[in-house]
Amino acid sequence: MGLMIEISWGKPLTLVAENGDTVQISTIEQAKYWLRKRWPVVDDARHSAVAAIQGAMECMLPVQAARRAFLVAAQTAGFKPLLKAA
């Protein structure tokens, strides 16, 4: 059995769905899983985010570029970032 190392992509993102459910994304692998298996819409933003995440996982793009693409896709899918009070 192979060893799996998850890639941290900074501070976890907490997203709120239109129905009020929340999801916390802490690693690039979690973001990839959500985009591929649990995403509510298939659009250009989702495709761009999947490509950016794959590029980051292959060390061809910075992880922050994948994170930004994921956030754009989340917004087009109706998710809102949960902003915590300072």
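The values are calculated or read from the model by the stated rules, or taken from the named source; none is laboratory data. All of these numbers come straight from a predicted model, not from anything done at the bench. A quick note on method: Cβ atoms are made from the backbone with ideal geometry, for glycine too, and the neighbour counts reach across all protein chains shown. Please note that ligands, DNA and RNA were not included when accessible areas were found on the heavy atoms of the full protein model with its side chains. Shrake-Rupley method; radii C 1.70, N 1.55, O 1.52, S 1.80 Å.
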Restricted to the range 16-27, and to residues that are out of contact with any Pro (no Cβ under 6 Å at 6 or more places or on another chain), modelled with pLDDT of 90 or more and not β-branched (Val, Ile, Thr), which residue is nearest to residue 53 (Cα to Cα)?
-> 17
Of (1) touching a Leu at 6+ places or on another chain (Cβ under 8 Å); (2) open to solvent by less than 40 Å² (accessible area, probe 1.4 Å); (3) at pLDDT 95 or above, residue 71 satisfies every one except (2)
Only listed residue being open to solvent by less than 100 Å² (accessible area, probe 1.4 Å), of a type in the set (Lys, Arg) and free of Cβ contacts under 8 Å to residues at least 40 places away in the same chain, chosen from 32, 11 = 32
Residue check for residue 51: surrounded by 16 or more Cβ atoms within 10 Å (Cβ to Cβ), modelled with pLDDT of 95 or more and of a type outside the set (Lys, Arg) = no
Being in contact (Cβ under 8 Å) with a residue 12 or more places away in the chain and open to solvent by 50 Å² or more (accessible area, probe 1.4 Å) is the filter; apply it to the range 16-29 and report the residue that is nearest to the chain's Cα centre (by Cα).
-> 24
